[in-house]
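A.B. asks: Take this structure, written in structure tokens, and hold onto it; I'll ask about it next.
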Amino acid sequence: MAKISPSKLDYLKFCPKFAFEEFVSNEAAEEGTMLHGRLETGEFDGLEGEQLSAVETAQEAMSALQVGWLGWQSDSDGYVRLPELKLECRYGLRGTSDLVCLAFPKRRALAGDWKLGRLGLITTAENCLQLRAYADAVFARWAKDIDEVLVALVAPRTEELETHVYTRDSIEAGMKEIDAVIKRADDPFAPPTPHDLLCGKCAHRARCPAFQTAIVAPATEAALTFPVASLLAPVDTLTETEISQNLAMIDLLVKYAEARKPLLTQRVFESGLEVPGYSRREREGNAYVSGDDVLSAYEKLRGAMSVEDFLSCCGRPGLSKLAEKLAETGGTKREARQAVEDALGDLVKRGSPVRFLQRSAKLSSELLLKEPK
């Protein structure tokens, strides 16, 4: 069986050949990772405007579910909040849930996932295979303690909140669909199926005939035949039809850019090309301590900081956070960072490196039209 995570199931449900782009990063993905981290820690300092509104809305929605569904009592025994929890369901599927809350006195649990993109949800909570797998894992891990699991999808930027309740009996029928999706993904003869939103995220799109025919060609053709005068006219002079045309063009260009830019970036890095106006950049993946190693990390840092300070960096403790706490007791942040890395040793993990093309010249008609030297 191919390696499949719960987060990939809803994509494979639409197309059995779907594969996430592994190394190409973009601003939206980086922002989503950052905002998930803020929700995990509850630290919103530095966020402003729409980003701050998004994380506050997401947090409030999940807190409301905790109170309404679980009767949350954070100061009482038997109520446990577990952010970024690693789970394993049947079929060997392993993944990390954004949040799992357990109310043992009520024999209930909440498994939630924040969807922080601007396009909204691609499925309902009832039909979300990712959350169905998490519910199955919660039932398996707390087999004697939990009878009901509420799964929740929270998309604050599109004001969507989706929930569904699973019991031990209802989860059985749902898992049969997951089994069918896995088997179809393992079938080498299953044809690719284009999807308006998902194809742009797929690593196979450059060589997928279904994608080229159904997504790229129509977008390109529409862009080439669009009335340029309408696109450049002042907004307050546009008719309703022209506004519709402008919005359609914007959607098409965004779709085209999402599909095209990762391919260009990949070729530049793989071939070592020097592209006029752009330079290759690669950042080291963020350093952190995995959830499985939290206790070991604390043992190594015991005495260097209080348990309260250490726990404030937990979930997936970032080395920067730990270093900041250590620096508060004396020394520079650089010295504290090195001390933390030295103390933790092999417990330090790093995320995947981030590769991107940085514009190094003003984007202008002169740059676009001149011949490369």
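The values are calculated or read from the model by the stated rules, or taken from the named source; none is laboratory data. Just so it is clear, the structure is predicted and the values come from calculations on it, not from any experiment. All Cβ positions, glycine included, derive from the backbone under ideal geometry; neighbour counts span all protein chains shown. All accessible areas refer to the heavy atoms of the entire protein, side chains included, with ligands and DNA or RNA removed. Shrake-Rupley method; radii C 1.70, N 1.55, O 1.52, S 1.80 Å.
A.B. asks: Among what's in the range 181-193 and is assigned to a helix (DSSP H, G or I) and open to solvent by less than 60 Å² (accessible area, probe 1.4 Å), pick the residue that is farthest from C15 (Cα to Cα).
C.D. replies: Residue satisfying both the conditions and the ranking: I182.
A.B. asks: Okay, moving on. Of the conditions (1) buried (at least 16 other Cβ atoms within 10 Å of the Cβ); (2) under 21 Å from K201 (Cα atoms), T33 satisfies every one except a single condition; which number is it?
C.D. replies: T33 satisfies every listed condition except (1).
A.B. asks: Which of the residues spanning the range 167-209 are farther than 23 Å from L110 by Cα and among the aliphatic types (A, V, I, L, M)?
C.D. replies: Answer for the range 167-209, where residues must be farther than 23 Å from L110 by Cα and among the aliphatic types (A, V, I, L, M): A180, V181, I182, A185, A190, L197, L198, A203, A206.
A.B. asks: Identify the single condition in (1) modelled with pLDDT of 90 or more; (2) buried (at least 20 other Cβ atoms within 10 Å of the Cβ) that R108 does not satisfy, given that it satisfies every other one.
C.D. replies: (2)
A.B. asks: Being at negative phi and assigned to a helix (DSSP H, G or I) narrows it down to one residue among A143, A137, A111; which is it?
C.D. replies: Of A143, A137, A111, the one residue that is at negative phi and assigned to a helix (DSSP H, G or I) is A137.
A.B. asks: Every residue in the range 36-50 that is crowded, with 16+ Cβ neighbours inside 10 Å and either assigned to a helix (DSSP H, G or I) or at pLDDT 80 or above (or both), please.
C.D. replies: Across the range 36-50, the qualifying residues are H36, G37, R38, L39, E40, T41.
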